[in-house]
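**Q** Next up is a structure, given as structure tokens.
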Amino acid sequence: MNTAADTPNPLESLTPRIRGAAHSIARQYNTDPNDVEQEMILAILERYAAEPEFLDQTAAYVVNFGAWRARNALKREAVQDSRCLEDTPLSDDPDAPTILDFVATTNPWPQVDLRLCIEQAMAGLDETNQQIASGLAAGYTPREIGPAIGVSYRTVYNRKEQIGAALQA
């Protein structure tokens, strides 16, 4: 008779890598690493339930899949949080201004069309640098961006400085 203790854990060999990736993501998003680790494990197990051969892939692929899903969950959560904050009144009074109203009236800096500035700066970059800048702005790492656009991750690392200089100008 098989008990829970006799059943092998399919993720046992991946646990240290998952934990390391979770800590890295948690630092990046300023969140609890245990929550990120649980999100990664859940994503991997869901995929494993749908495709048992998924765990036959390389360990890096499996862990990166879990990390990708955890990052997407954190990004969705951040977007939902920001939408909630925009409409949050500053007091219990229903006619009280929202946080955005407060910021708009107390901001001493002139309002600048940020989108126009970014578009002008991006126009000065070549196509590869534009793709790298878009990926970095979306929160992806150079190791994720490089293969997606057909360059090595080292190229992405090296071009980050060029892109930063162009955008600062």
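The values are calculated or read from the model by the stated rules, or taken from the named source; none is laboratory data. Computed from a predicted model, the values in this text were never measured in an experiment. As a convention, Cβ positions derive from the backbone with ideal geometry for all residues, glycine included, and neighbour counts pool all protein chains shown.
**Q** Hey, V63 hits all of (1) at pLDDT 85 or above; (2) out of contact with any Lys or Arg (no Cβ under 6 Å at 6 or more places or on another chain); (3) closer than 23 Å to V156 by Cβ but one; which does it fall short on?
**A** (2)
**Q** Show the residue pairs meeting these rules: Cβ distance below 6 Å; 6+ apart or different chains; first residue within segment 38-51 and surrounded by 17 or more Cβ atoms within 10 Å (Cβ to Cβ); second residue at pLDDT below 85 and not small (G, A, S).
**A** R47/F54
**Q** Let me ask something else. Looking at segment 117-169 only, could you name the residues that are assigned to a helix (DSSP H, G or I), within 16 Å of N64 (Cβ to Cβ) and small (G, A, S)?
**A** Filtering segment 117-169 for residues assigned to a helix (DSSP H, G or I) gives 117-123, 127-137, 142-149, 153-168.
Subset that is within 16 Å of N64 (Cβ to Cβ): 135, 142-148, 153, 156.
Scanning segment 117-169 gives G135, G146, A148.
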